[in-house]
Amino acid sequence: MEGLLRFNEWLSGMVWGWPMLLLLALAGAFFTARTRFVQLRRFGDMLRLTMGAFTRRKNTAPGEVSPLQAMTTALAATVGTGNIAGVAGAIALGGPGAVFWMWVSAFLGMATKYAEVVLAVRYRQRAADGSFYGGPMYYIRALGRGFAPLARIFALLGALAAFGIGNMVQANTAAEAAAFSLTALFPALTEAPLRLFVGLLLSLTVALALAGGAARIGRATERLVPLMSALYACMALSVVFLHLPAAARALGDIVASAFSPRAALGGAAGIGLQTALRCGMERGMFSHEAGMGSAPIAHAGAQTDDPDRQGLFGIFEVFADTIVICTLTALAILASGVPVPYGRAAGAELTIAAMGTVFGDGLAALLTSVCLVLFALSTMLSWSLYGERCFAYLTGGRAAALYRAAFIAAVVLGATMRMEAVWALSSTLNGLMAVPNLIALFPLSGEVARIARHI
C-alpha cells in the first residue's frame with residue numbers, strides 16, 4: 001500500500017509538473033492573443049450578460065438547460081474544497097506571492113475556458129431525445145476520423161476522474177469536515193457513524209439529481225452555487241473588513257513577494273520565486289480547471305445558438321472561482337494575523353483559524369464545515385453529469401444505469417475510507433484530461449478566433 005501511494009504521488013507530481021503548467025499557461029497566452037484579449041475586451045459584456053441571466057429565466061433557444069444553469073453547473077465543479085484548503089496550501093508553501101500567480105493563471109485561463117466553451121457549443125450534437133451532448137470528445141472528433149481514438153481516451157479519463165476528484169475525494173472532505181465540527185459541538189458523538197451518515201445523505205442527494213438528468217442538476221446548481229458562494233464570501237469579507245488596514249498591506253505583500261519572496265518574507269522557509277510561481281500556477285489551474293476539458297461538457301447543453309455568448313459565461317466562471325473566491329480566502333488568511341507555517345503543508349485548518357478571529361473557533365469551524373459540505377456536494381452534482389456523459393460517449397448511451405449506480409455507491413465509500421491513494425490518483429487523471437483536450441484546442445483555434453472577432 002505504501003509503495004502504491006508513493007507511486008501515485010510520483011505520477012501526480014509528474015503530471016502536474018512544470019511541463020503541464022507551462023503547456024496550460026502557453027495555451028492561455030495563445031488564446032488570449034488569438035481572441036485579441038477577449039477576457040479584457042469583452043469583460044463588460046461578460047458582467048452584463050451574467051448578471052442579466054439571473055433575472056431573465058425564459059429561453060426559447062435549443063438546449064437542455066438555460067445558459068445560466070450551464071454556467072452554474074460548470075462553476076459548481078470548480079468552486080470546491082480547493083477554494084478553502086487549496087489557497088491556504090498555496091500560501092503556506094509558496095508565500096503570499098503564490099496568490100499573484102494564481103491571478104495570472106486565472107487571467108490566462110479565462111481565454112482558454114472561452115475557447116473550450118465556444119467549441120463545445122459549436123460542435124455539440126443533438127440526441128434522439130432532443131438533448132444536446134458535447135465537450136472535448138466531440139470537438140476532438142471534429143478534427144477527423146484519425147482523432148477518434150483520442151476522443152475515446154478523453155472520455156475514458158473523464159469517466160474515471162469523475163469517481164475520484166468529482167466524487168470520492170469530495171465525499172471524504174465533506175464527511176471529515178462534518179464529523180470534525182459535530183464531534184466538537186457534541187462530544188458524545190463518534191466519527192465513524194457520522195461519516196457514514198453524511199455519505200448516505202450525500203449519495204441520496206446525488207441519486208435524486210442524477211434521476212432528473214442535466215435539467216435537474218442545472219436547477220439544483222442554479223440555486224446552490226449562489227447560496228454557498230454568498231455564504232462563504234460573507235464570512236471572508238467579514239474577516240477582511242474587520243482587518244481592513246492589514247488587508248491593504250496583504251495586497252502589497254502579494255505583489256511584492258510574487259517576484260522576490262525571500263526579500264518580502266525575510267527568507268522564511270527558503271521560499272524562492274520558482275516555488276511561489278509553481279504553487280500559485282498549480283493551485284490556480286487546479287481550481288478553475290481551464291484547459292482540463294470538464295466544463296465544456298456542461299456548457300454544451302445550454303439553450304443558446306450563439307457560441308460566443310456562452311463563451312462569455314465561461315470567462316465569468318474562471319473570474320468568480322479564482323479572482324473572487326480564491327482571493328477572498330487569501331486576504332482573509334493574510335489579513336487575520338494568524339501565523340502561517342511557511343514552507344510546510346497547510347489546509348482548511350488555516351482558513352478556519354482566520355475565520356476564527358471574527359467568529360470564534362467553534363462557530364468558524366461549523367460555518368466553514370457547512371461551506372465545505374456544500375462545495376463538495378455541488379462538485380459531485382456536476383461531475384456526475386461529466387462522468388455520465390463521458391461514459392455515454394464510450395458506450396453509445398448504453399448501461400447508463402450501471403454507471404449511475406456505481407457513482408452513487410462510490411459516494412458512501414469515499415465518505416468512509418482513507419483517501420491518500422485516491423487523492424493522488426484523482427489529480428493524475430484530472431491532469432491527464434488536459435492532454436487530449438489541448439491537442440484539439442490548438443488546431444481549432446482558427447474557429448475560436450473567427451467566433452471571438454465577429455463582434
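The values are calculated or read from the model by the stated rules, or taken from the named source; none is laboratory data. The structure displayed is predicted, hence computed values, not measured ones. Neighbour counts are summed over all protein chains in view; Cβ atoms, including those assigned to glycine, are modelled from backbone coordinates with ideal geometry. Surface areas here come from the heavy atoms of the whole protein model, side chains and all, with no ligands, DNA or RNA. Shrake-Rupley method; radii C 1.70, N 1.55, O 1.52, S 1.80 Å.
Condition first: more than 14 Å from residue 93 (Cα to Cα) and either open to solvent by 30 Å² or more (accessible area, probe 1.4 Å) or assigned to a helix (DSSP H, G or I) (or both). Now tell me which residues in the range 337-347 satisfy that. Lay out the reasoning, then the answer.
If we filter the range 337-347 for residues that are more than 14 Å from residue 93 (Cα to Cα), which is where we start, we get 337-338.
If the condition is that a residue be more than 14 Å from residue 93 (Cα to Cα) and either open to solvent by 30 Å² or more (accessible area, probe 1.4 Å) or assigned to a helix (DSSP H, G or I) (or both), then 337 is the only one that fits.
When residues of the range 364-396 are filtered for being closer than 13 Å to residue 159 by Cβ and either at pLDDT below 85 or not aliphatic (A, V, I, L, M) (or both), how many remain?
As a first pass, look at the range 364-396 and keep what is closer than 13 Å to residue 159 by Cβ: 383-395.
Then drop every residue that is not either at pLDDT below 85 or not aliphatic (A, V, I, L, M) (or both), which leaves 383-384, 386-391, 393, 395.
Number of matching residues: 10.
Any residue at all in the range 260-281 that is over 27 Å from residue 170 (Cβ atoms) and modelled with pLDDT of 85 or more?
Going residue by residue through the range 260-281, those that are over 27 Å from residue 170 (Cβ atoms) are 260-277.
With the extra rule that they be modelled with pLDDT of 85 or more, the set shrinks to 277.
The answer is yes, given that some residue of the range 260-281 is over 27 Å from residue 170 (Cβ atoms) and modelled with pLDDT of 85 or more.
Give the range 282-312 a look and list any residue that's crowded, with 24+ Cβ neighbours inside 10 Å, of a type in the set (Asp, Glu) and assigned to a loop (DSSP other than H, G, I, E, B), or say none.
289
Would you point out which residue out of 147, 180, 154 is surrounded by 17 or more Cβ atoms within 10 Å (Cβ to Cβ), in contact (Cβ under 8 Å) with a residue 24 or more places away in the chain and over 26 Å from the mean Cα position of the chain (by Cα)? Explain how you work it out, then say what you get.
Details: 180 fails: over 26 Å from the mean Cα position of the chain (by Cα); 154 fails: over 26 Å from the mean Cα position of the chain (by Cα).
Among 147, 180, 154, only 147 is surrounded by 17 or more Cβ atoms within 10 Å (Cβ to Cβ), in contact (Cβ under 8 Å) with a residue 24 or more places away in the chain and over 26 Å from the mean Cα position of the chain (by Cα).
Restricting to the range 351-364, count the residues that are open to solvent by 10 Å² or more (accessible area, probe 1.4 Å) and of a type outside the set (D, E, K, R).
Restricting attention to the range 351-364, the residues satisfying the condition of being open to solvent by 10 Å² or more (accessible area, probe 1.4 Å) are 352-353, 356-363.
Right, trim to of a type outside the set (D, E, K, R) and you get 352-353, 356-360, 362-363.
Final tally of qualifying residues: 9.
Is there any pair with a first residue in the range 20-47 that is farther than 15 Å from residue 104 by Cβ and a second that is among the polar types (S, T, N, Q) whose Cβ atoms are under 6 Å apart and which are 6 or more apart or on different chains, and what are they?
34/445
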